[in-house]
Amino acid sequence: MATLRLFASIREIAGTGSFEIDGGSVSDVIAIACSEFGEDFTALVPSCRIWVNGNPADMADSVTSQDEIALLPPVSGGSVNLDQIETSYTGLHIAILSMHTSPLAQPGTGDSGGMNVYIREVASALAHRGATCTVYVRKWNPELPREVELESGVRIVHIEAGDYGLQKEELYNIVDVFTDEVMKDIQTRNLVDIIHANYWLSGIAGHKLKHELNIPLVTTFHTLGETKKKSGFPETSERLLAESEIIGCSDVVVANSENEREQLHELYSANVDRIKIVPLGVEQAFFSPGNQHAAKAALNLPDGPILLFIGRLQSLKGVDVAIATLQAMKHEHVTLVVVGGASGIEGSSYETEIHNMADELQPNKKVLFVPPQPHHILSSYYRAANFVLVPSRSESFGLVALEAAACGVPAIASAVGGLENLVEHGKTGILIKGWNPTDFSQTIDHLLSNPIKSTEIAMNAVEKAKNYTWGKTAEKLLEIYQTVLSKSLVECR
C-alpha cells in the first residue's frame, strides 16, 4: 500500500499524519482518503500541493506500494502553483526546543546570549507568517508559570526537569526527563508538523521525539563541540557523540554560515545535501545609526574613544583579549565598556581574572563593567562606541558584529567561524587572525588616526546589515520546513 502523509491543517482534520492506502494513482489514493476523512478534508484537497517521494506530482501520476504521497495545504486557501513556495503558513505547527535558554531571559545573563535572541526573533517572525510556534524550555525558576504567550502564535512552555539551579554543564543528566515531559505536552496539543531543536542538548531530545512521534527533525547547533575543541576548549565525549548522532538523523541541519557548513562536513562527515545555510537577522527598528555624542551623553560615558565589548564574560568570547588590547593601545584616555554577565561553572573565576586585569591598567585607560541590557538600551551603547571588539575564539555567526554594523560601528573581530563570512575585511569591518592583543591594538590605533577610513567602513557596514532581517531568516526556515515535509524521514545512519 502507498503511504499518504498529511500536514498542517489537513492533518488536523484527518486526525492523523500518515495513512496506508491501496491505489494505483495519486487520484485513487486521494479519492479513498476523501471518503475516509469527510467533507472538510475533501474541501481542502483542491488547494493542497501534492508531492510524491519529495517531488511535485499530478493527480494522474501512478503510484506503487513503495511510494509516499504528501498533501501540503496552503496558508490561506485558493489554488496553489506547485512551482512556488508559500510565504505564510497558517496551520503549520513548529515545536521549538530550547532546553537550556529561554527567549524570555535577558541576553548576556547566565547562559543566555545570541541563541535566545535567535529563538525569540525566529519564533516571532514565523508567527507573523502564519505559523504556530510552541517553544519548550526547561523551567529554571519555581515562580515561572507553566505557559506564557509571548505573542499571538508563540507560546513558551516551561518544562519541569531537574533542580531549578542546575548549570548548563549539568543538564545532560536530565535530558531524558525533559524529553519525556515535552512528549507528554505535545500529545495534548494540536498536531506538531516540525521539531526544530536548538543546541546539542535539545538535539538529543529532538532525536528521540522524532522517532517516537514520526515527526521531521530540523537542528540548529549554534556552537559545535568539535569546533570548540579545535579552539582549545575541551568538550565531553558525550557531547561529541551526541552531536554526531543528531547530525546523522536530522532531516536538515541548519548552519548559520558557510564556515559552519564546512565545519559540519569536515568535522562530522555531515551530508552536505542536508545542510542548509540560514543567516541570522538583526532588528532594524532597534539597531540603526545614531548620534554618537548624544548616545555618550545619555549613558554618561567619559570623553575620548569608546571601545565596546558585548557578550557573556567567558574566555570563549575573549573579554581578556579586549582588556589586553586596551592595555596595548598607544592612544590615551580610551575607555572599554564591557556589557554582559558571567555564566557557567567558569563564570566566577574568569570574572575575577578580568576584573584584576582591568584594575592593573594605567590611569588613562579604564574598563567600565555594565550588566546585560535590553535591546532598546543596548543600541545606545553601540551608537556611543567608536569600535566594537569581537575577539571570540569560536563563533558560528557573530550576532554582535551584525548589530554593530547595523548601528554604523566598525567591528574589529577575530577571523573565526561565521565572522569570516559576515565581516568583509577592510570594507565592513576588520578581521584579525589569532588573538594577539598587539594586532588588535595596532588596528584600532591606526583607525583612530584615520577617521575617514573608519567612516567608510561604518557606512559600508550599515549597507550590508540591511540585507539581514529576521523576516528573511524565517522565510528561509519555512522553505526548509516545507521541503522536509514533502520527503520521507531521514533514517539514522
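Within the stretch 463-474, how many residues turn out to be surrounded by fewer than 18 Cβ atoms within 10 Å (Cβ to Cβ) and in contact (Cβ under 8 Å) with a residue 60 or more places away in the chain?
Qualifying residue count, the stretch 463-474: 3.
Name the residue, out of PHE287, PHE309, that is farther than 25 Å from ASP439 by Cα and surrounded by 20 or more Cβ atoms within 10 Å (Cβ to Cβ).
Checking each option against the conditions leaves just PHE287.
Among the residues of the stretch 359-409 satisfying the criterion of being acidic (Asp, Glu) and outside any helix (DSSP H, G or I), which is nearest to SER449 (Cα to Cα)?
Residues of the stretch 359-409 acidic (Asp, Glu): 359-360, 395, 403.
With outside any helix (DSSP H, G or I) added as a condition, the list becomes 360, 395.
Values: GLU360: 26, GLU395: 29 Å.
That would be GLU360.
Among the numbered conditions (1) under 15 Å from VAL388 (Cα atoms); (2) surrounded by fewer than 18 Cβ atoms within 10 Å (Cβ to Cβ), tell me where ALA413 comes up short.
Looking at each condition in turn, ALA413 falls short on (2).
Please determine whether any residue of the stretch 343-353 is acidic (Asp, Glu), outside any loop (DSSP other than H, G, I, E, B) and under 20 Å from GLY398 (Cβ atoms).
Taking the stretch 343-353 first, the residues acidic (Asp, Glu) are 346, 351, 353.
After this cut, where a residue has to be outside any loop (DSSP other than H, G, I, E, B) as well, the list is 351, 353.
Next, only the ones that are under 20 Å from GLY398 (Cβ atoms) stay: none.
No, the conditions are met nowhere in the stretch 343-353.
Residue by residue through the stretch 469-490, note down the ones that are of a type in the set (A, V, I, L, M), touching a helix residue (DSSP H, G or I) at 6+ places or on another chain (Cβ under 8 Å) and under 11 Å from VAL278 (Cβ atoms).
ALA474, LEU477, LEU478
Please indicate, with yes or no, whether at least one residue in the stretch 430-445 is touching a helix residue (DSSP H, G or I) at 6+ places or on another chain (Cβ under 8 Å), outside any helix (DSSP H, G or I) and either within 20 Å of TYR382 (Cα to Cα) or modelled with pLDDT under 95 (or both).
For the stretch 430-445, residues touching a helix residue (DSSP H, G or I) at 6+ places or on another chain (Cβ under 8 Å), outside any helix (DSSP H, G or I) and either within 20 Å of TYR382 (Cα to Cα) or modelled with pLDDT under 95 (or both): present.
When the stretch 367-406 is examined, which residues are found to be of a type in the set (S, T, N, Q) and either under 19 Å from GLU258 (Cα atoms) or within 18 Å of the chain's Cα centre (by Cα) (or both)?
Just the residues of the stretch 367-406 that are of a type in the set (S, T, N, Q), to begin with: 373, 379-380, 386, 392, 394, 396.
Answer for the stretch 367-406, where residues must be of a type in the set (S, T, N, Q) and either under 19 Å from GLU258 (Cα atoms) or within 18 Å of the chain's Cα centre (by Cα) (or both): SER392, SER394, SER396.
Could you please let me know if THR325 is part of a helix (DSSP H, G or I), modelled with pLDDT of 95 or more, buried (at least 19 other Cβ atoms within 10 Å of the Cβ) and hydroxyl-bearing (Ser, Thr, Tyr)?
Yes; evaluated as a whole, the condition is true for this residue.
Is it the case, given these coordinates, that ARG383 is at pLDDT 95 or above and surrounded by 16 or more Cβ atoms within 10 Å (Cβ to Cβ)? Working first, answer last.
Values: at pLDDT 95 or above: yes; surrounded by 16 or more Cβ atoms within 10 Å (Cβ to Cβ): yes.
Answer is yes for this residue.
Since LEU264 meets every condition but one in (1) under 30 Å from THR335 (Cβ atoms); (2) surrounded by 18 or more Cβ atoms within 10 Å (Cβ to Cβ); (3) in the same structural domain as ILE194 (by TED's automatic domain parsing), which condition does it not meet?
Checking LEU264 against (1) under 30 Å from THR335 (Cβ atoms); (2) surrounded by 18 or more Cβ atoms within 10 Å (Cβ to Cβ); (3) in the same structural domain as ILE194 (by TED's automatic domain parsing), the one that fails is (1).
Looking only at residues that are modelled with pLDDT of 95 or more and of a type in the set (A, V, I, L, M) in the stretch 127-149, which one is surrounded by the fewest Cβ atoms within 10 Å (Cβ to Cβ)?
VAL135
Hey, can you tell me all the residues within the stretch 2-53 that are polar (S, T, N, Q), in a helix (DSSP H, G or I) and modelled with pLDDT of 85 or more?
So in the stretch 2-53, the residues polar (S, T, N, Q) come out as 3, 9, 16, 18, 25, 27, 35, 42, 47, 53.
Going one step further and asking which of them are in a helix (DSSP H, G or I), we end up with 9, 27, 35, 42, 47.
Scanning the stretch 2-53 gives SER27, SER35, THR42.
The values are calculated or read from the model by the stated rules, or taken from the named source; none is laboratory data. What you see is a predicted model, and the numbers here were worked out from it, not measured in a lab. Reconstructed Cβ throughout: ideal geometry from the backbone, glycine too, with neighbour counts over all protein chains shown.
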